[in-house]
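A short reminder: the numbers here are calculations on the coordinates, not readings from a lab. On a predicted model such as this, the values are computed, not experimentally measured, just so you know. Cβ sites come from the backbone with ideal geometry, for glycine too, and all protein chains shown count toward neighbours.
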């Protein structure tokens with residue numbers, strides 16, 4: 001089975017890289033090769049090889065557990081690491097699906113709107129609990145939106161103008177497109193803001209919540225279906241049907257858990273513990289384009 005182990009960080013210590021090569025050889029990787037890929041201040045290092053079927057010499061060794069331990073060791077040093085098998089080990093993804101708030105962008109849009117409305121602390125409290133998985137997302141969304149009732153809809157465009165992309169976001173989208181893949185964003189935030197972001201980055205697919213308004217003011221209720229963890233999984237499933245091949249998903253909170261688990265490579269970006277524990281890989285530093293290297297692009 002062809003396999004790949006990738007490291008990404010601003011700097012990779014030579015002695016630990018050598019230790020990793022020794023470990024992979026010990027784990028039974030054959031024909032081990034390494035290739036470095038620089039990316040705007042980051043260093044990506046791909047180890048590739050072939051893991052043969054279990055033999056008597058490897059009996060009793062759990063290859064998966066050993067790889068997880070190796071990844072954990074690198075993560076503890078602030079390095080992104082991924083063990084990739086299947087098609088993604090030797091070809092770029094056909095589709096990358098991302099969360100928006102605190103992933104594609106640096107903030108939570110509903111909190112930005114709430115600060116504008118003067119109810120920031122109350123909304124932040126509920127958002128934090130939902131991201132940790134302590135509250136049902138739909139319930140938390142309704143509770144937060146109720147605090148925004150009466151806010152002029154004109155405020156949404158003002159908030160959208162202040163939103164900032166995560167470092168490397170545009171570069172990630174451009175790299176996926178250059179490699180022939182598509183990009184989708186699926187958000188517990190709102191089309192009224194997310195559509196503007198998608199247009200700026202030329203993102204292919206968008207799915208998000210909508211804000212109900214009446215007479216130029218927010219009603220404090222969502223309009224239409226709520227985009228929760230199940231809806232995010234549905235979006236990924238629908239989009240991957242149009243793009244056969246490996247799929248990468250990226251997120252930061254509990255609401256992203258199902259799509260992260262369904263992807264060929266699920267990446268936790270500066271994530272809450274509940275998602276970091278479940279993901280295949282973590283990016284522990286604020287560079288979203290590190291995901292391109294983990295995905296084998298470049």
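So for 215, 115, fewest C-beta neighbours within 10 Å to most, what's the order?
215, 115
Using only C-alpha atoms and all pairs of different ones, pull out the Kirkwood radius for the chain in Å with one decimal.
20.0
Using only Cα atoms, tell me the angle between helix 169-178 and the longest principal axis of the chain; keep it within 0 to 90° and round to the nearest 10.
Helix 169-178 and the main axis of the chain meet at about 60 degrees.
Using Cβ counts within 10 Å as a stand-in for footprinting exposure, how do 223, 269 rank, fewest first?
Ranked by crowding around the Cβ, least crowded first: 223, 269.
Compute the long axis of helix 229-241 from its Cα atoms, compare it with the longest principal axis of the Cα atoms of the chain, and write down the angle in degrees, 0 to 90, nearest 10.
Its long axis makes an angle of about 60 degrees.
Rounding to the nearest 10 and keeping the result within 0 to 90°, find how far the Cα-based axis of helix 191-201 lies from the longest principal axis of the chain.
Tilt relative to the chain: about 50 degrees.
Comparing 190, 137, 27, which has the greatest mean-square fluctuation in the GNM of the chain with Cα pairs linked when under 10 Å apart?
27
Counting other beta carbons within 10 Å of each residue's own, what order do 46, 177 fall into, fewest first?
177, 46
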